[in-house]
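Undergrad: Encoded as structure tokens, here's the structure I'll be asking about.
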Amino acid sequence: MIYDNIKINKNNIKQLPSVDGDTFNIHFVNGPYVEVVGNSDNEYLIKFVNQKNGQTLYENKLKAGHWAKSNYEYFIDWKIDIYHGDDLVHSHKINLKNKKVFIAFDSKALGDTLAWFPYIETFRKKHDCELIVSTFHNYLFEEHYPTLKFVNPGSTVHNLYAMYKLGIYYTNNNNPNPLLNPNNFLEQPLQKMGSDILGLDYVEIKPKISNKKIKKDDKLITIAFHGTAQPKYWNNPTGWQDVVDWLNGRGYKVKLLSREDSGYMGNYHPDGIEKHPEGSLQSVMNQMEKSKAFIGIGSGLSWLSWALGTKTVLISGFSEKWAEMQDCVRIGAPKDKCSGCFNKDRLDAGDWNWCPEHKGTERHFECTKSITSDVVITELKKFL
């Protein structure tokens, strides 16, 4: 594990001056850590304090040869106080300036990565630190963020002062884990999860992923039809066909960017489209940037379109209207229909047809079945 690698590489640990021959090693890798090294019989009280509110989040008594660590792993403005008896012998405030800091993405999802990545550079600028980052999509960012050092997921990074992880974390009871995210991420926009974990203010920011100057084709509309679970789909049986027919009737060429074939998990492509040949993600990005608009569902390709600055229409009843990016045309379920299950319950990734309230009933997937093509076309008419 990364922690083990850190512990055996002493150069990365801040060493405080000795007390009666005892020294104190500290770091902030996945939470604040203190180790007492020495041979005395002294007993020390270690307090991990949140400087923002003065609250002691964890304390423990240690002797030489022992260590203590707080389980809070998101960014906190920590202060570590070390007492010997009634005497405060050391007080160390976290200071990331010029320190080596590692931020690792635990999520492989394209949408999560695009949503959270802009805060990496914001974090670096705020703390003036030497920042190393690992994502499962480094190729999207390496060219555009020269001040960051990229490593592959699972890499061992030595000599760290601090480390933070970005992901969607639950407890064993399927509740949001309060030790890994300070807020209930189900009740807020996806992008805010990243800013919360890193202790930053939430402002919607798009990542830098393209500097290509691609000429727009005002008669090209791109769409993405597929997702990673059926509740993400637009489950109106005639919805996509109605929209494609309307676009074709007005002279627009519709290109499908999803890589899945027609019939995938029972989802068939509408007539009147051209399917983009399977290739690199860069080729998909080129088509998105070329198109006048992109129409999609709650998936990574919708986040990709948003990041590229393409006009993005997002159709989703699976999530609340505030859950994804704000800079888009967001079309959700009617108010009298069940919707937003993604922001209420943990998705069962093993159940393709997951619907926590109405599975197996006439109301199964009513959130997106109830989104009519007329509603979507009405929104398209506003800018096409």
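The values are calculated or read from the model by the stated rules, or taken from the named source; none is laboratory data. Note that the structure is a prediction, hence the values are computed from the model and not measured. We place every Cβ from the backbone using ideal geometry, glycine too, and count neighbours over all the protein chains shown.
Undergrad: Could you pull out every one of the helices (runs of 4 or more DSSP H) wholly within segment 297-384 that has 2 or more residues that are in the same structural domain as Leu257 (by TED's automatic domain parsing) and over 30 Å from Lys212 (Cα atoms)?
TA: Passing ranges, in order: 366-369, 373-381.
Undergrad: Provide a single number: the residues in segment 358-384 that are surrounded by 13 or more Cβ atoms within 10 Å (Cβ to Cβ), modelled with pLDDT of 95 or more and not hydroxyl-bearing (Ser, Thr, Tyr).
TA: Matching residues across segment 358-384 total 14.
Undergrad: Need a quick list: strands (runs of 3 or more DSSP E) entirely within segment 115-233 having at least 1 residues that are touching a Ser or Thr at 6+ places or on another chain (Cβ under 9 Å) and of a type in the set (Gly, Ala, Ser).
TA: It comes to 130-134.
Undergrad: So, one more: Considering only segment 146-161, I want to know if a residue exists there that is surrounded by fewer than 17 Cβ atoms within 10 Å (Cβ to Cβ) and within 24 Å of Gln326 (Cα to Cα).
TA: No, segment 146-161 has no match at all.
Undergrad: For the condition assigned by TED's automatic domain parsing to the domain that holds Gln282, farther than 18 Å from His276 by Cα and surrounded by fewer than 19 Cβ atoms within 10 Å (Cβ to Cβ), what is the one hit in Gly251, Gly239?
TA: Just a single option satisfies the conditions, and that option is Gly251.
Undergrad: Does Leu140 fit the bill of being touching a Gly at 6+ places or on another chain (Cβ under 9 Å), in the same structural domain as Arg124 (by TED's automatic domain parsing) and touching a residue at least 24 places away in the same chain (Cβ under 8 Å)? Before you say what the answer is, go through the steps one by one.
TA: Numbers: touching a Gly at 6+ places or on another chain (Cβ under 9 Å): no; in the same structural domain as Arg124 (by TED's automatic domain parsing): yes; touching a residue at least 24 places away in the same chain (Cβ under 8 Å): yes.
When the stated conditions are applied, Leu140 does not pass them.
Undergrad: Turning to a different aspect of this structure: Tell me yes or no: at least one residue of segment 306-317 is in contact with a Pro (Cβ under 8 Å, 6 or more places away or on another chain) and surrounded by fewer than 21 Cβ atoms within 10 Å (Cβ to Cβ).
TA: no
Undergrad: Restricting attention to segment 95-129, and to residues there that are closer than 16 Å to Thr156 by Cα and not small (Gly, Ala, Ser), which single residue is surrounded by the fewest Cβ atoms within 10 Å (Cβ to Cβ)?
TA: If we take residues in segment 95-129 being closer than 16 Å to Thr156 by Cα and not small (Gly, Ala, Ser), then Asp106 is surrounded by the fewest Cβ atoms within 10 Å (Cβ to Cβ).
Undergrad: Of the residues in segment 282-297, how many are out of contact with any strand residue (DSSP E or B) (no Cβ under 7 Å at 6 or more places or on another chain) and farther than 20 Å from Glu142 by Cα?
TA: Residues in segment 282-297 being out of contact with any strand residue (DSSP E or B) (no Cβ under 7 Å at 6 or more places or on another chain) and farther than 20 Å from Glu142 by Cα: 0 in total.
Undergrad: For the structure I just gave you, tell me whether Ile221 is closer than 23 Å to Ser291 by Cα and assigned by TED's automatic domain parsing to the domain that holds Cys341.
TA: yes
Undergrad: Right, something else. Does segment 202-211 contain at least one residue that is aromatic (Phe, Trp, Tyr), within 30 Å of Phe102 (Cα to Cα), surrounded by 14 or more Cβ atoms within 10 Å (Cβ to Cβ) and out of contact with any Cys (no Cβ under 6 Å at 6 or more places or on another chain)?
TA: Yes, some residue in segment 202-211 is aromatic (Phe, Trp, Tyr), within 30 Å of Phe102 (Cα to Cα), surrounded by 14 or more Cβ atoms within 10 Å (Cβ to Cβ) and out of contact with any Cys (no Cβ under 6 Å at 6 or more places or on another chain).
Undergrad: Additional query: Quick one: in segment 189-201, of everything that is of a type in the set (Gly, Ala, Ser) and under 27 Å from Phe318 (Cα atoms), which residue is surrounded by the fewest Cβ atoms within 10 Å (Cβ to Cβ)?
TA: Within segment 189-201, the match that is surrounded by the fewest Cβ atoms within 10 Å (Cβ to Cβ) is Ser195.
Undergrad: Find the residue count for segment 315-331, including only residues that are without any contact (Cβ under 8 Å) to a residue 60 or more places away in the chain and either among the charged types (D, E, K, R) or over 17 Å from Gln230 (Cβ atoms) (or both).
TA: 6
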